[in-house]
Amino acid sequence: MIKNQKITAAAAAGIVCMMVVTACGSTGSTANNTNNRQVIEKQGKTITVIDTEPAAAASEVEVVKIDELKGIRGMDWLGEDKLIIDKINKNMKPVTIEGEERYPHNLYIRDLSTGEEKDEALLEESHDQGFGLLSPDKKHLFFKKHEENTARGFIMNVATRETAPIGDHIMLTSDGEWRDNESVIFPAITGNIYSSDVTGAAQLLAKTKKSINYNVKQVGTKVYYISTNNQLNVYDTETKDTKVLEKDVIWFIPSPNGQQYAVVKRTSETEMELSLLDAEMKPKQSIAKSTQVYGTSWSPDGSKLAYNVISEAGGVKGIYVADTVSGKTTPISVDVQYASDALRWSPSGKKLLTSTSVIEDNGYSFVTYLISFK
C-alpha cells in the first residue's frame, strides 16, 4: 500500500500550478476567457495559471489511500470490493513462443474484502483472454479471446459461467462496450458495426465505408465512431444517415446520462486537448492539453473526469481527476506512466482503477492501482 495522501484545497491549487500543459479555461466559442490567464516561466517550464473563478464548484477530490496489486491487470469492478482481473494461469500447460515458455492469460474474480489473493477463475483454458467488461447490472461479462492482433468476442453469465460466442466476427482486441444490461456494441475489423444480445446473437447495426473503425459509442439512436483518418462520425439508426461531425478526433466519450461529451482532439503534431462539449456538441471548457491524453473515464454521476497524460518532454505524466463543474484538476500521486486500459470508476464513484505494465525479470508484468477517495 502506498502511503496515504490527503490533498487540501490550498495544496491542490499549488499542485495544479505545476501542471505544464493542463488548461482549465475554455476555448472555441468561449475564447474570451483566455484574457484571465497569467503565464509564468519557472525552471524552463511555462506554467499557465487560470484566474477565472468557476461559476460553481462540486466536491473537491481528496485521496485517502492507494493500494498496489502486483502481477494482475485490473479489468472492471464487480462490486466495491470485487474486481475482474487478468493474470497468467499456471494451471494450464505453457506454450513455447519464440523459444520461451508462456502461460495463457485468463480472467479471474478477486475479492478485496478478504485480504487474500485467492482468485477465482472464471473460465480456465489455454487460450489468452482479455478485455473483461461487465454489464451495468454486473450480471454478464463481455470478454475476448485473442488471436494475435485480433480477437473474437464472448459473453458470459457471471453467476452460471455459461459462455456464448458473439457470432463469428473478428474484432479489435480492445474496443466495444455495453449499450445496456442486455446488449453490447462493437466494430468488426471489416469496419461494420454490430450489436449482440447476451445470447451471442449478433446483428448488423451500421454498414460503413471505412475498413477499420474504433471508439464506438451509442447514445439513443445515434452511433458514434472514429474512422482511421481520425474523423468522428455519427450514424442515426432511425434515419440511416451518416455524418462527419469533426476531424482530428482521437477519443470521444459520452457522459453516463448522454448530456455532455468528453472529446480528445489532436491540435498539433505534438499536442492533444481534452475538452467538454454540451448536449448540442458545443464547446463548454478545456480540461487538459498534453502530447497524449488517454484513458478518459466519467465518474458514475458525471461530476468528474479521470484521464492520463504524457508530455513530450516527459515532465507531466500520470493520472488526473477533473471536476467537470468547476474545471479544477487534481493530480494523483501514483507511479503510472503508461496506463494499459481506460480508467475504471467503482459503482459508488469512490474508487478508481488503473493498470500499468512494468519490466520485470527481462519481461513485462502488470501492476494495478486502486485509488480510494474520501
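The values are calculated or read from the model by the stated rules, or taken from the named source; none is laboratory data. On a predicted model such as this, the values are computed, not experimentally measured, just so you know. Every residue, glycine as well, gets a Cβ built from its backbone with ideal geometry; the counts of neighbours run over all protein chains shown. Please note that ligands, DNA and RNA were not included when accessible areas were found on the heavy atoms of the full protein model with its side chains. Shrake-Rupley method; radii C 1.70, N 1.55, O 1.52, S 1.80 Å.
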Checklist line | For Ser326, residues with placed amide H under 5 Å, excluding near neighbours | finding: Ala58
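Ignoring ligands, DNA and RNA, please state the percent of accessible area on the stretch 127-174 from carbon and sulfur, probe 1.4 Å.
Solvent-exposed carbon and sulfur of the stretch 127-174 make up 49 percent of the total.
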Note to self: Accessible area of the stretch 194-243 with a 1.4 Å probe: how many percent of it is carbon plus sulfur?
What the structure shows: 47
Check: In whole Å, what is the distance between the alpha-carbon centres of the stretch 227-242 and the stretch 103-133?
Finding: 36
Checklist line | Karplus-derived HN-Hα couplings along the stretch 68-75 (A = 6.51, B = -1.76, C = 1.60, θ = phi - 60°), whole Hz, x at Gly and Pro | finding: 10, 10, 8, x, 9, 10, x, 9
Check: Considering only protein heavy atoms, what is the solvent-accessible area of Thr160 at a probe of 1.4 Å, reported in Å² to the nearest 10?
Finding: 80
Check: Mind listing the phi-derived Karplus ³J(HN,Hα) values for the stretch 185-196, rounded to whole Hz, using 6.51, -1.76 and 1.60 with θ = phi - 60°, and x for any glycine or proline?
Finding: 10, 7, x, 8, 6, 6, x, 6, 10, 10, 10, 8
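Express the accessible area of the stretch 186-229 per residue in Å², computed with a 1.4 Å probe while the remaining protein chains stay in the model. Write out the running numbers ahead of the final one.
On the way: 1900 Å² over 44 residues.
Result: 43 Å² per residue.
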Checklist line | Relative contact order [Cα under 8 Å, 6+ residues apart], the stretch 220-278, whole percent | finding: 21
Notebook entry, point to check: Mean separation of Cα pairs under 8 Å and 6+ residues apart, divided by the residue count of the stretch 47-186: what relative contact order is that in percent?
Noted result: 14
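Using 0.36 nm per residue, how much length does the chain from Glu62 to Thr270 gain when fully extended, once their Cα-Cα distance is taken away?
Gain on extension, Glu62 to Thr270, equals 71.7 nm.
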Next item on the list: Mind checking which of Gly327, Ser227, Thr270 is farthest towards the positive end of the stretch 220-374's charge dipole, using Cβ charges of +1 (Lys, Arg) and -1 (Asp, Glu) about the Cα centre?
Entry: Gly327
Checklist line | Net charge contributed by nearby residues that have their C-beta within less than 13 Å of Thr114 (K/R +1, D/E -1) | finding: -3
